[in-house]
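Reviewing the structure listed below.
Nothing in this text is a laboratory measurement; each read-out follows from the coordinates by a stated rule. Just so you know, these numbers come straight off a predicted model, no measurement behind them. Cβ coordinates were reconstructed from backbone atoms using ideal geometry, including for glycine residues, and neighbour counts include every protein chain displayed.
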Amino acid sequence: MNIEMVDLKGQYAQIQQEIDEAVISTIREAQFINGFQVSAFADELSCYLDGAHVIPCANGTDALQIALMSLDLRPGDEVIVPSFTYVASAEVIGLLQLKHVMVDVDPNSFNLTADTIRPAITSKTKAIIPVHLFGQCADMEPILDLAKEKGLYVIEDAAQAIGASYTFKDGTKKKAGTMGHIGCTSFFPSKNLGCYGDGGAMYTMDPELANRLRMIANHGQVKKYVHKYIGVNSRLDTIQAAILRIKLRHLDTYSTSRNASADKYDSLLNGIKGLVLPMRQSNSSHVFHQYTLKVTGDRRDALKKHLEQAGIPAMIYYPISLNEQEAYKAIGRVEGELSITQDLCASVLSIPMHTELDDEQIKFITDTILAFFKS
Ligand SMILES: *Cc1c(COP(=O)(O)O)cnc(C)c1O
């Protein structure tokens with residue numbers, strides 16, 4: 001049985017005709033830079049995100065960088081990030097000579113919380129970057145309240161959570177990336193809405209901020225050859241936008257299919273001693289960018305090996321916490337011991353999760369896991 005971590009070929013086969021036609025017609029139109037497809041995609045994604053302004057850019061890391069560049073921050077200003085996440089958020093903070101402050105995460109949701117953020121806030125703190133890790137929203141309402149109380153910007157890293165929706169206490173629902181000042185996402189091929197190369201976008205509900213983000217992504221240009229800000233050159237390719245327009249129409253179906261696979265994993269892996277299944281929050285939907293297990297009792301690496309011997313890929317997201325990375329050790333600071341992050345780095349294991357997983361594959365994966373715990 002051939003099992004992939006993410007089955008991009010299988011997914012393409014389902015939409016091949018639509019994609020091929022879109023790519024060929026984009027090439028024939030020859031508007032490779034900022035062609036019609038780019039603004040059409042931004043409009044359609046804006047609609048999907050309940051009216052947020054969408055500013056496409058070259059990748060998710062650029063989105064985070066441009067977001068920070070738009071906020072009038074000064075060198076040395078502090079930005080709070082989780083210590084258990086992908087490197088991109090800490091990286092752009094460092095590039096802009098801001099200071100990262102790494103905070104621990106919740107052991108069940110894997111996300112930072114208002115409680116882990118609060119003690120890290122100083123007079124230098126200017127922004128918080130919550131990351132909606134693995135497809136579920138950080139608990140945003142208390143974070144937004146805290147940010148408001150302290151006058152902080154909130155930039156959501158929604159690269160893994162496009163389509164996830166968070167429910168506030170009063171019943172209001174908002175999509176990941178549209179709750180803070182700016183949301184950032186990535187269209188890296190393996191993301192839930194992935195293109196066939198690199199791509200990314202920023203979202204904001206604030207029209208002025210949208211303008212500034214748009215200018216910064218385009219050389220800080222107000223109009224051609226008039227530069228108001230120091231910017232960057234960060235664009236979504238027209239061909240990628242054409243592909244994303246098609247895939248966006250399938251996004252909710254893709255999320256449903258990921259959830260169905262997660263439900264099957266849940267029921268087949270339920271009750272194994274030494275294995276903790278992903279927690280589902282009541283206030284956020286889950287789009288299962290990853291299905292991430294916690295393996296207790298120091299057996300994670302052995303399980304990973306056991307799966308790989310059976311031809312089943314499994315990945316450790318993330319094996320080393322940001323604060324342990326050489327590049328970040330000497331700069332910025334950390335809040336507390338980050339002991340939960342350390343525990344997670346030693347125990348998490350993500351198993352195959354994508355839109356094409358079938359029952360037979362899931363059964364084979366879960367049987368292989370069950371066999372490991374019986375031995
Ligand atoms: C993928 C990802 C990014 C970066 O996106 P790129 O498009 O690869 O630059 C940033 N943050 C998180 C949480 C991600 O998963």
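Classify the chain: rounded, prolate or oblate, from the alpha-carbon gyration tensor (a ≥ b ≥ c, eigenvalue square roots; a/c under 1.5 rounded; otherwise prolate if a/b is larger than b/c)?
Cα axes put the chain in the oblate bin.
When the dipole is taken about the Cα centre of the chain, and only Lys, Arg (+1) and Asp, Glu (-1) are charged at their Cβ, what size is it in debye, to the nearest 20?
Here the chain has a charge dipole of around 540 debye.
Taking K and R as +1 and D and E as -1, what net charge do the other residues with C-beta under 10 Å from the C-beta of residue 179 add up to?
Taking every Cβ under 10 Å from that of residue 179, the sum is 0.
Taking 0.36 nm per residue of separation and subtracting the Cα-Cα distance, what length does fully extending residue 263 through residue 360 add?
Stretched fully, the residue 263-residue 360 segment lengthens by 33.5 nm.
Using the beta-carbon distance between residue 30 and residue 326 and R0 = 51 Å, what value does 1/(1 + (r/R0)^6) give for FRET efficiency, to the nearest 0.05?
For R0 = 51 Å, the calculated efficiency reads 0.70.
Step through the residues of the range 224-237 one at a time and calculate ³J(HN,Hα) from phi using the Karplus curve (6.51 cos²θ - 1.76 cosθ + 1.60, θ = phi - 60°), rounding each to whole Hz and writing x for Gly and Pro.
Running phi through 6.51 cos²θ - 1.76 cosθ + 1.60 with θ = phi - 60° gives 3, 6, 10, 10, 8, 10, 7, x, 9, 10, 9, 10, 8, 4 Hz.
Please give the FRET efficiency for residue 87 paired with residue 346, using the beta carbon to beta carbon distance and R0 = 25 Å, rounded to the nearest 0.05.
0.85
What is the sum of charges around residue 58, taking Lys and Arg as +1, Asp and Glu as -1, for the other residues whose C-beta is under 9 Å from the C-beta of residue 58?
Net charge in that neighbourhood comes out at -2.
So, by mean Cβ neighbours within 10 angstrom, what's the order for 336-342, 92-98, 24-30 with the highest one leading?
The packing order, highest mean first, is 92-98, 336-342, 24-30.
Where in the chain are the helices, taken as whole DSSP H runs, whose Cα atoms extend 30 angstrom or more along the long axis and whose Kyte-Doolittle mean reaches at least -0.5?
Correct list, ordered by number: 238-269.
What spacing in nm lies between the two simple spin-label points modelled at residue 367 and residue 190, each 7 Å away from Cα in the Cβ direction?
Taking the two extended label points, one gets 2.6 nm.
Below 14 angstrom from the Cβ of residue 156, what's the summed charge of the other residues (Lys, Arg +1; Asp, Glu -1)?
Residues close to residue 156 contribute a combined charge of -2.
Rank-order 154-166, 313-325, 60-72 by packing density, defined as the average count of other C-beta atoms within 10 Å over each peptide's residues, highest first.
154-166, 60-72, 313-325
Using only helices, what value at 222 nm comes out for the chain when you add -39,500 (n - 2.57) per DSSP H run of length 4 or more and divide by the total residues, to the nearest 500 deg cm²/dmol?
-12500 deg cm²/dmol
In this model, which of 273/305; 169/363; 126/191; 126/175; 126/329; 124/174 are farther than 27 Å apart at the alpha-carbon?
Correct reply: 169/363; 126/191; 124/174.
Restricting the count to DSSP beta bridges whose residues both fall in the chain, what percent are antiparallel, rounded to a multiple of 5?
The antiparallel proportion sits near 60 percent.
Using the count of nearby Cβ atoms within 10 Å as a rough guide to exposure, how do 366, 204, 296 rank from fewest to most?
296, 366, 204
Return the Rg/Rh ratio of the range 60-164 with Cα-based radii and a Kirkwood Rh.
My calculation puts Rg/Rh at 0.92.
Taking the Cα centre of the range 251-374 as the origin and placing charges on Cβ (Lys, Arg +1; Asp, Glu -1), which of 296, 325, 364 is farthest toward the positive end of the dipole?
My answer, from the dipole projection, is 296.
In nm, give the distance between the simple-model label positions of residue 1 and residue 97, each being 7 Å from the Cα along the Cα-to-Cβ direction.
Roughly 5.5 nm, to one decimal.
How long is the range 176-331 along each principal axis, judged by its Cα atoms, biggest number first, in Å?
Computed over the range 176-331, the largest-to-smallest principal extents equal 63, 44, 33 Å.
Could you state the number of Å between the C-alpha centres of the range 188-203 and the range 122-184?
20 Å
Quick one: pull the percentage of alpha-carbon pairs in the range 251-374 with a separation above 24 Å.
Above the 24 Å cut-off, the range 251-374 has 34 percent of its Cα pairs.
For the range 220-299, with only Lys/Arg (+1) and Asp/Glu (-1) charged at the beta-carbon, what is the dipole magnitude about the Cα centre, in debye rounded to 20?
About 400 debye.
Compute the relative contact order of the range 251-374 as a whole-number percentage, counting only Cα pairs closer than 8 Å that sit 6 or more residues apart in sequence.
Relative contact order, the range 251-374: 38 percent.
Sorted from fewest to most neighbouring beta carbons within 10 Å, what does the list 106, 115 look like?
Listed from fewest to most nearby Cβ atoms, that is 115, 106.
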